[in-house]
Amino acid sequence: MLEKNKINEIYKEEKMINCIVTGVGGQGTVLASKLIAQSAMNKGMKVRTSETIGMSQRGGGVVSHVRIGDEIHSPLINLNSADVIIGFEPAEAVRYLPYLKDEGTVIVANNPIKPVTDSLSEQNYNSDEMIAYLIDNVAHLFVLDAETVFAECGSIKVLNTALLGVTAASGVLGFSMEEMEKSIHEKVREKFIDMNIQALHFGAETYLRRKA
Amino acid sequence: MKMELLMGNQAIAMGAIRAGVGVVTGYPGTPSTEILETIAKKNPGNIYVEWSVNEKSALEVAAGAAYAGQRTMVTMKQVGMNVASDPLMSLAYIGVKGGMVIVVADDPGPISSQTEQDSRHFGIFAKLPVFDPSSPEEAYLMIGDAFEYSEKYNTPVLFRPTTRVCHAYATVQVDEACYQSNPEGFIKDSKWVIFPRLSYFNHIKIEERQPILSKDFSSYIYNSVIGTGKKGIATGGISYAYTREALSTLKSECKLFKVATPHPFPEELALEFLEGLEEVLVIEELDPVIEKELVYLCGKYNLKINIMGKLTKHIQNAGENTVDSVTQVIAKFLEIESPKPKEVMDLPSLPIRPPVLCAGCPHRASFYAVKKAMKGIKSVFSGDIGCYTLGNAKPLEMVDTCLCMGAGITIAQGLHRVEPNTINFAFVGDSTFFHTGIPGVINAVYNETDIVLIVLDNSTTAMTGNQPHPGTGRTMMGNVTEKIDISEVLKAVGVKHVVTINPFDLENAMKEVKIAAAFKGISAIVFKAPCIAVAPPSPLFFVDNAKCTGCKKCIKELGCPAIVKDGNKVKIDQALCYGCTLCENICPFHAIGGTDVGKK
């Protein structure tokens, strides 16, 4: 009842950050979205996120919506409103492009994950086509070569923190490397912390080297 | 007080702990599962928590504890409420002493369910109060209110979040202090024994309580009316969040009615909302519950107000709302321009990713063994609820029917009565077998119906995230208990032919399927192999390029996500392979093997 009759408070204008993290079930998108959310909370910001849980986790496409700001109501992002899309897989990044703002950023790993349906049919999913489409349609695009993550970090399981390293270095979310590192220390199991921090730095260095 | 990022389901659990809950029961089901799991994880030590065998048992265990004065909570998904509806309807007449909250999670979409049923109707049907949270942080506090209302009116209450509240995360201010309850214990009294005469008198009391609750809810903090104007929007649950978001996007205002307790409907507050309005748009998911209440009030008080919503086709009947769909409908209602949609993107054709059985999943081997053994023989495969429903997909195509928990066993019997010359298989998972499968088996034994029962025993409740069940020998209190052996249960209820075999022993598995199919009367095979999520992976497999002819039999027959086309040949994705051996067994050219074969 406290809210009653405060006519002018139904909407407020304020700054917010909308980030979409997308990939295929099992790629570690949920941890990535948790690390972003934790970093925002550590700065005293309010967060809403939404995760894909349940049947579609079994090899299906998964997406996390991460929203940062004080006056956010919905856990889901509107079309045409995401500041950043972090794609763990080229086709999944393309799938969520309608959510991206006109001047938005896409950070994407180039490794395709072929669905079983693709192997069964004669149609071939071509990830190069997806990357080409992203190049043509995205204002700010960064493509991370997933093979190099595997080669340098020893496991493809840390693709998520490598992508976060790129994101942190690019500055699009406003979190520093130190802030991301702190979140990894808080949210990742002890024995996996070192490899995740290594991957974070690998992602950041790859970004900085490319931009240099 | 501290700020934590909590999933809606975690917030509900933490809120219940804060409210001093003492007994928590439930059965896993998306989107409700994490509530009970969080209770078990964050148990301060004084909470008894169990996965019950099914929702009916869960509700009854909790009711018993509430009779003894304990604060209790039951968790389930919407279809679980159907299973628990028998005790629910009667308990509504008996009532409780300790606060009892029945959390039933609805799934608009549906995203992971068989139905789009609206559990608010169960509140109306059983005449029980219903709470409908609109965000995780609200759920955290509202669950405590639900316990208080339950004790104030000595009635169980329903708490109905939806998927987008259950699986959303939000920053929640968490209280360190917990309410301390001291259950009085069970006091013998005839009021605990349901009889027709008692039900008659209690029915009168329940009807008398309805308007009192309605009045009480009109001043409940989470029911609210804000704004002014001649147009109003009535909404509740996650649709309230979407509405607020849409009004922000549209930079627009109108009168707004938030309904946190759809039953009994807060009539006084609703009349305050309707006062001076000409048009109302009702935004809700699933069924038009709020809408019908408002239409009813307009009739009752002779108000000339145009109520628009699902009944008038302004909102779609099926599927979930989104911020975008809500923004569009509100813009139209307020006669303002909706935000220009982004130029329609002409996206390239994207791969379709239906959910599939994991690489290494033992169900694939079981389905494959039955399929091969029954090749050319007229047979129908009845499936059930669980990961193994995914056996319906190509290339296995081994699920011909699927209805609800435990129904595969009995549907197979009905099919067989019409076509006795067909071999009728019923596939059931281990957790589903304990849930509602056993009575169906007894039915077949008793009525001498000749079906082949296949129990897919992967030693876990896999689809919902690997919960223990009576066959696993573990409880949510961390105890090791006796494992209930499914084959012994089958023998005990009179199944004369019962075989247990590992489905990855493909040749013998196929042989056993043929024997079971030929057996007169109900026969059963327990395919026993653990879910890859609970078993350590074996050595990975490789394709020997020199031997692979590119026939793609492995891809065409198994549909394993780890086997992919590689030019004219195939390769195994090492990130996905679990070394299950199934592909090695079926490769006609022996091109697939462990680390010794073709590793480069």
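The values are calculated or read from the model by the stated rules, or taken from the named source; none is laboratory data. Quick caveat, the model's predicted, so the values are computed rather than measured. Because the Cβ atoms are built from the backbone with ideal geometry, glycine has one as well, and the counts that use them run over all protein chains shown.
At-a-glance table
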quantity	calculated
Test: B:Leu415 is outside the structural domain of B:Ile555 (by TED's automatic domain parsing), over 17 Å from the mean Cα position of the chain (by Cα) and over 16 Å from B:Ser487 (Cβ atoms)	yes
Subset of the range A:89-146 that is surrounded by fewer than 16 Cβ atoms within 10 Å (Cβ to Cβ), farther than 18 Å from A:Ser170 by Cβ and small (Gly, Ala, Ser) - its residue that is farthest from the chain's Cα centre (by Cα)	A:Ser121
Positions within the range B:386-411 being among the hydrophobic types (A, V, I, L, M, F, W, C), assigned to a helix (DSSP H, G or I) and either more than 20 Å from B:Val356 (Cα to Cα) or over 19 Å from the mean Cα position of the chain (by Cα) (or both), in sequence order	B:Ala407, B:Ile409, B:Ile411
Close pairs from the range A:92-110: first closer than 18 Å to A:Gly59 by Cα, partner modelled with pLDDT of 95 or more and of a type in the set (S, T, N, Q), Cβ under 9 Å, at least 6 apart	A:Glu92/A:Thr22; A:Ala93/A:Thr22; A:Arg95/A:Thr22; A:Tyr96/A:Thr22
Whichever residue in the range B:500-516 is of a type in the set (S, T, N, Q) and under 33 Å from the mean Cα position of the chain (by Cα) and, among such residues, is nearest to B:Leu490 (Cα to Cα)	B:Thr500
Of the criteria (1) in contact with a helix residue (DSSP H, G or I) (Cβ under 8 Å, 6 or more places away or on another chain); (2) within 14 Å of chain B (Cβ to nearest Cβ); (3) not small (Gly, Ala, Ser), which one A:Asn196 fails	(2)
Subset of the range B:111-132 (residues that are over 18 Å from the mean Cα position of the chain (by Cα), in a loop (DSSP other than H, G, I, E, B) and at negative phi)	B:Leu128, B:Pro129
Strands (runs of 3 or more DSSP E) wholly inside the range B:1-78 that include at least 3 residues being surrounded by 22 or more Cβ atoms within 10 Å (Cβ to Cβ)	B:23-26, B:72-77
B:Pro108 being assigned to a loop (DSSP other than H, G, I, E, B), on the phi < 0 side of the Ramachandran plot, under 20 Å from the mean Cα position of the chain (by Cα) and assigned by TED's automatic domain parsing to the domain that holds B:Gln173	yes
Residue satisfying condition, being among the small types (Gly, Ala, Ser) and more than 23 Å from B:Gly391 (Cβ to Cβ), within set B:Gly478, B:Gly440, B:Gly465	B:Gly478
The range B:549-570, residues that are in a strand (DSSP E or B), more than 36 Å from the chain's Cα centre (by Cα) and more than 22 Å from B:Phe504 (Cα to Cα)	B:Asp566, B:Lys569
Hits in the range B:388-411 (condition: surrounded by 24 or more Cβ atoms within 10 Å (Cβ to Cβ) and either in contact (Cβ under 8 Å) with a residue 40 or more places away in the chain or not assigned by TED's automatic domain parsing to the domain that holds B:Ser366 (or both))	B:Tyr388, B:Met405, B:Ile409
Some residue of the range B:533-552 being over 26 Å from B:Asn466 (Cβ atoms), within 14 Å of another protein chain (Cβ to nearest Cβ) and without any contact (Cβ under 8 Å) to a residue 24 or more places away in the chain	yes
From B:Lys97, B:Lys77, residue being assigned by TED's automatic domain parsing to the domain that holds B:Arg160 and without any contact (Cβ under 8 Å) to a residue 60 or more places away in the chain	B:Lys77
Given (1) within 19 Å of B:Glu138 (Cα to Cα); (2) surrounded by fewer than 23 Cβ atoms within 10 Å (Cβ to Cβ), number of the condition B:Pro266 does not satisfy	(2)
Test: residue in the range A:29-36 that is of a type in the set (Val, Ile, Thr) and either at pLDDT 95 or above or over 18 Å from A:Glu186 (Cα atoms) (or both)	yes
Strands (runs of 3 or more DSSP E) fully within the range B:152-260 counting 3 or more residues that are without any contact (Cβ under 8 Å) to a residue 12 or more places away in the chain and either exposed (fewer than 14 other Cβ atoms within 10 Å of the Cβ) or in the same structural domain as B:Asn46 (by TED's automatic domain parsing) (or both)	none
The range A:77-88, residues that are at the interface with chain B (Cβ under 10 Å from one of its Cβ atoms) and crowded, with 23+ Cβ neighbours inside 10 Å	A:Ile77
Yes/no for A:Ala40 being buried (at least 21 other Cβ atoms within 10 Å of the Cβ), more than 7 Å from every other protein chain (Cβ to nearest Cβ) and among the aliphatic types (A, V, I, L, M)	yes
Matching entry among B:Asn202, B:Asn223 (being out of contact with any Asp or Glu (no Cβ under 7 Å at 6 or more places or on another chain), more than 26 Å from B:Ala105 (Cβ to Cβ) and at pLDDT 95 or above)	B:Asn202
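Quick grid of which residues meet (1) at the interface with chain A (Cβ under 9 Å from one of its Cβ atoms); (2) at pLDDT 95 or above; (3) under 18 Å from B:Arg120 (Cα atoms); (4) out of contact with any helix residue (DSSP H, G or I) (no Cβ under 8 Å at 6 or more places or on another chain):
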| residue | (1), (2), (3), (4) |
| --- | --- |
| B:Gly232 | no, yes, no, no |
| B:Leu274 | no, yes, no, no |
| B:Glu278 | no, yes, no, yes |
| B:Glu285 | no, yes, yes, no |
| B:Pro288 | no, yes, yes, yes |
| B:Glu293 | no, yes, yes, no |
| B:Lys300 | no, yes, no, yes |
| B:Gly319 | no, yes, yes, yes |
